[in-house]
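Participant: I'd like to ask you about the structure that follows.
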Amino acid sequence: MKRIFLTIFIILFILALAVAVFTVFYDQAVLVRRGTVYVGRVSEKVVALTFDDGPSPEWTPKILDELKVGGVKATFFMLGEHVIKYPEVAKRVAAEGHEIENHTYDHHVLIYYTTDELEKEIREAQKVIKDVTGQTTVYFRPPKAWLTAAEKKKLVELGYKTVLWTLNSKDWVTFDDKYIIRYILKRIQPGDIILFHDSGGVFKVEGGDRRETVLAVRRLIERLKEKGYRFVTIKELLELDKTQ
């Protein structure tokens, strides 16, 4: 009996380890790109920096400082509940000319939602962002990237384009900034959308440690500019993409 339990434990451990490795090192968003925007079909050397899960009272201001030094505008996919908690940070993002878009109200995985529940999430976040920052959201990024076909259709009905990404920094794993930069520079192409986070961590959606993100943003801006790239918001990227 002990041998059976040990065998079951080992199998479960291996499965859990496989899931963890898959989550950390494989970008599952590539599985759900159909019907979404994840890259700009452009010829000039432009890329879009995007940040999820904020605003954060600790990390968003530090990222904004780096963007200001670099003269770069980015797109922030914000959570409605964080905008309510940290309105002054959200207002600063808007005041400094960055684009603010919809990342749901409270970061639930949406594949478990009905389309009515999805609409409620979208509209609640949309209202909060508009009331606090004055920006009207037209792009949506689902938490963890997962959406059903019915949900994608519903988003179109609500007037939204779903935006994923081309390159995932995996900064929520707290990888070293040098690893993040090396990973991105090795793969970067014109029109890429790069995913970072200005809040959250491995097991939570708020707080976390974004020190490596701040360092990576600073150095990535420098390195990409050296390669002749310029930075655009999602709106600007899609305006350059004549296929949209």
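Participant: Residue by residue through the range 174-195, note down the ones that are surrounded by fewer than 16 Cβ atoms within 10 Å (Cβ to Cβ), assigned to a helix (DSSP H, G or I) and of a type outside the set (D, E, K, R).
Facilitator: Scanning the range 174-195 gives Y179, L185.
Participant: Restricting to the range 84-105, name every residue that is in contact (Cβ under 8 Å) with a residue 40 or more places away in the chain and not polar (S, T, N, Q).
Facilitator: I84, P87, A90, K91, V93, A94, H98, E99, E101, H103, listed by residue number.
Participant: A further question follows. Under 9 Å by Cβ, and 6 or more places apart or on different chains, what pairs join a residue from the range 225-244 that is closer than 11 Å to V39 by Cα and among the polar types (S, T, N, Q) with one that is part of a strand (DSSP E or B) and at pLDDT 95 or above?
Facilitator: If the second residue must be part of a strand (DSSP E or B) and at pLDDT 95 or above, the pairs left are Q244/V37; Q244/K161.
Participant: Hey, can you tell me all the residues within the range 109-160 that are more than 22 Å from V37 (Cβ to Cβ) and assigned to a loop (DSSP other than H, G, I, E, B)?
Facilitator: T114, G134, listed by residue number.
Participant: If you don't mind, there's one more thing I want to ask. Looking at G134, G80 in this structure, which one is buried (at least 22 other Cβ atoms within 10 Å of the Cβ) and not basic (K, R)?
Facilitator: The match here is G80.
Participant: Can you work out which of the residues in the range 110-131 that are more than 19 Å from V156 (Cα to Cα) and touching a residue at least 24 places away in the same chain (Cβ under 8 Å) is surrounded by the most Cβ atoms within 10 Å (Cβ to Cβ)?
Facilitator: Among residues in the range 110-131 that are more than 19 Å from V156 (Cα to Cα) and touching a residue at least 24 places away in the same chain (Cβ under 8 Å), the one surrounded by the most Cβ atoms within 10 Å (Cβ to Cβ) is I129.
Participant: So E206 passes all but one of these: (1) part of a helix (DSSP H, G or I); (2) within 15 Å of F77 (Cα to Cα). Which condition number does it fail?
Facilitator: Checking E206 against (1) part of a helix (DSSP H, G or I); (2) within 15 Å of F77 (Cα to Cα), the one that fails is (1).
Participant: Further question on the same structure: Can you work out which of the residues in the range 18-51 that are modelled with pLDDT under 85 and part of a loop (DSSP other than H, G, I, E, B) is farthest from L155 (Cα to Cα)?
Facilitator: Across the range 18-51, the extreme among qualifying residues is Y26.
Participant: Turning to a different aspect of this structure: Need the failing condition index for A216 against (1) crowded, with 20+ Cβ neighbours inside 10 Å; (2) assigned to a helix (DSSP H, G or I); (3) modelled with pLDDT under 95; (4) among the small types (G, A, S), just the number.
Facilitator: In the conditions (1) crowded, with 20+ Cβ neighbours inside 10 Å; (2) assigned to a helix (DSSP H, G or I); (3) modelled with pLDDT under 95; (4) among the small types (G, A, S), A216 misses (3) alone.
The values are calculated or read from the model by the stated rules, or taken from the named source; none is laboratory data. These numbers were taken from a predicted model, which means no experiment stands behind them. Here the Cβ is made from the backbone with ideal geometry for all residues, glycine too, and neighbour counts use every protein chain on show.
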